[in-house]
1. How do His52, His173, His12, His261 stack up against each other in accessible area, from largest to smallest, with a 1.4 angstrom probe?
2. Need one number: % antiparallel among DSSP beta bridges in the chain, to the nearest 5.
3. Could you state the accessible area per residue of the stretch 1-156 in Å², with a 1.4 Å probe and every protein chain left in place?
4. Just the number, please: carbon plus sulfur as a percent of the accessible area of the stretch 115-199, 1.4 Å probe, no ligands or DNA/RNA counted.
5. What residues have an amide H closer than 5 Å to that of Leu174, excluding those fewer than 5 places away on the same chain, when H is modeled at 1.01 Å from N in the peptide plane?
6. Counting only C-alpha contacts under 8 Å and six or more residues apart, can you give the relative contact order of the stretch 263-304 as a whole percent?
7. Taking θ = phi - 60°, what integer Hz values does the Karplus form 6.51 cos²θ - 1.76 cosθ + 1.60 yield along the stretch 369-374, in sequence order, with x for Gly and Pro?
8. Along the stretch 161-172, what does the Karplus equation 6.51 cos²θ - 1.76 cosθ + 1.60 (θ = phi - 60°) give for ³J(HN,Hα), rounded to whole Hz, x for Gly and Pro?
Amino acid sequence: MKNTRQTNINIHRDAWVEINISNLENNIKEIRKNVPQGIKLLGVVKADAYGHGAVMLAPTILASGIDMLGVASIDEGVDLRQAGINCDILVLGAVPVWAVESAVKSDISISIFSEDHIQACEQAYKRTGIKPKVHVKLDTGMNRIGVRADVAVDFIKKVQNCDFLEFQGIFTHLAAAEELDKAKEQIAKWNSVIDNIDTKGLLLHILNTAGTICYDVPNSNMRRVGIALYGLYPDFPEGVKFRMPKLKQLISLKGRIVNIHTAKDGEGISYCHTYTAKGDRTIATVPLGYADGIPRLLSNKITGRLNGVEVPQVGNITMDQMMFDITGVKATTGDVITLLDEDKSIDEWAKILHTINYELTCRLKVRLPRVYTR
């Protein structure tokens, strides 16, 4: 199934990303097993669903049991609305005060945490006659955005008294869910707020993906899951017993061989000749490069799979192309080299680069066509 909802997709390349929708369904079922009955789930689809394609995946995410969606900006929410997605959508990040009216007109909920936000919502209501839908964002230790926990009770009570608002929920974000002591500190701050307000009818969400899998916070009725939707794991805390979900990576990265040639003994490959042939080597070129989101720092450190055989990538990864040493492997132009799939986790790349899987999946969306499969 080709991606028909996205625009400006280049379909004349011998390189592409495949997204397995069946794995998405599996992952949501697995996540649900860690969630108490009656608890809602918010699926995080910001950054174009972490590079997987939010518009294409949203219908499956919702049909598989996710209750609402979370995005990083109004624009991301508008894209979903224009694609016909009509569920509740929450902007998890800070919304510019001048853009509140746009959120209201698109029926998108926003995060608020300042007097300026309240005033902007009031003005939007006066201009549109529509009550802005809001969630109050608490800062319990992330020190990024949000109203501080020590003044949050008064702020929330003020929001509750604003008859021009549709007050939907309260949330915060764990800065270090993988560290039990720090998570406990934030949960305690959360409880100090929630215990002192009337929460009837409100959505209360504190747990992210790692928290959803590992913790239970009674003062919450919704959980947010992001990276686990896409079959990848966050870091987990030590000393906490939990059920590990059996996730399956959605994303695969593939390219067809466009050229095969022989590099003679002693010849260098690619820019700066960071790889030198020892003996005659058969070299295959694939049209994938760092402009497609494959970090140049992976040069000479990763492998692909060609006709069932692991082959090393050699030489510096260039903007549009990379080379593999396929010596001894029977292959021809047009054969596929797989860089990532369910058996070749993107976590391997993250480990090499000392980064997280989130960052790398988000990169693989610059100009690669997506193909959706079951």
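1. Ranked from most to least accessible, the order is His12, His261, His173, His52.
2. Antiparallel: roughly 50 percent of the beta bridges in the chain.
3. 44 Å²
4. 42 percent
5. The list, which skips near neighbours in sequence, is Asn208.
6. 28 percent
7. x, 10, 10, 9, 10, 10
8. In residue order, the calculated couplings are 8, 8, 6, 9, 10, 9, 7, 9, x, 9, 8, 9 Hz.
The values are calculated or read from the model by the stated rules, or taken from the named source; none is laboratory data. What you are looking at is a predicted structure, and each value in this text was computed from that prediction instead of being measured. So basically every Cβ, Gly included, is an ideal-geometry build from the backbone, and we count neighbours across all protein chains shown. Ligands, DNA and RNA are excluded from the accessible area calculation, which covers all protein heavy atoms including side chains. Shrake-Rupley method; radii C 1.70, N 1.55, O 1.52, S 1.80 Å.
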